[in-house]
Amino acid sequence: MMLTLDISAQLHVQYTRLKAQISQLDRNLATRYGHRYNEVKQKMGGSKDWYEKTKSEAQKSGTIPLEQKQEETSHQFAQAGSAAARKEQVIKQQLKELWRTITNG
């Protein structure tokens, strides 16, 4: 039990130290880059929010967005392939008719 408390205390000290270092780094970057740094920081916050939202929605729905997008893309390719095959058949039929006209005419 003493070992657990000692490790917990050490972790807390390290956490506090890292938090202070992050704060100092944040201030240094804000001072150095000013408005650009704040814009990037806001975009990163927005990206993090989007990621968390997408992650929670995926967990609720039981699907993975990447897999869902892959399925949609596969379906679209299949439709495009079918349309191309139908068009190919139409063109072949037109060419056969044209050939018959040329050879019989």
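Some observations on this one:
- Probe 1.4 Å, protein heavy atoms only - accessible area per residue of the chain in square angstrom: 94
- Using θ = phi - 60° in the Karplus curve 6.51 cos²θ - 1.76 cosθ + 1.60, the 3J(HN,Hα) couplings for the stretch 33-42 round to 10, x, 4, 4, 5, 5, 5, 4, 4, 5 Hz; x is entered for Gly and Pro.
- Of all aspartates and glutamates in the structure, the ones whose alpha carbon falls short of 19 Å from that of LYS87, not counting any fewer than 8 places away in one chain, are GLU97.
- Working note: Cα atoms of the chain, range along each principal axis, descending, whole Å: 100, 44, 20.
- Filtered trypsin sites (Lys or Arg not before Pro), the stretch 29-105: DSSP coil and at most 16 other beta carbons within 10 Å: none
- Under 18 Å from LYS96, Cα to Cα: aspartates and glutamates that are on another chain or at least 8 residues apart: GLU88
- Cα-based reach from LYS19 at 24 Å (exclusive), listing lysines while leaving out same-chain residues under 8 positions away: LYS41, LYS43, LYS48
- Per-pair calculated FRET efficiency, R0 = 35 Å: LYS48 and SER82 via Cβ, rounded to 0.05: 0.30
- Only protein atoms count toward the accessible area here, which uses a 1.4 Å probe; on the chain, the carbon and sulfur part of that area reaches 60 percent.
- Choice from ILE22, ILE91, ILE64 with maximal GNM fluctuation in the chain (Cα, 10 Å cutoff): ILE91
The values are calculated or read from the model by the stated rules, or taken from the named source; none is laboratory data. Since we're looking at a predicted model, the values are computed, not measured. All Cβ positions, glycine included, derive from the backbone under ideal geometry; neighbour counts span all protein chains shown. Quick note on the areas: whole protein, heavy atoms, side chains included, nothing else; ligands and nucleic acids left out. Shrake-Rupley method; radii C 1.70, N 1.55, O 1.52, S 1.80 Å.
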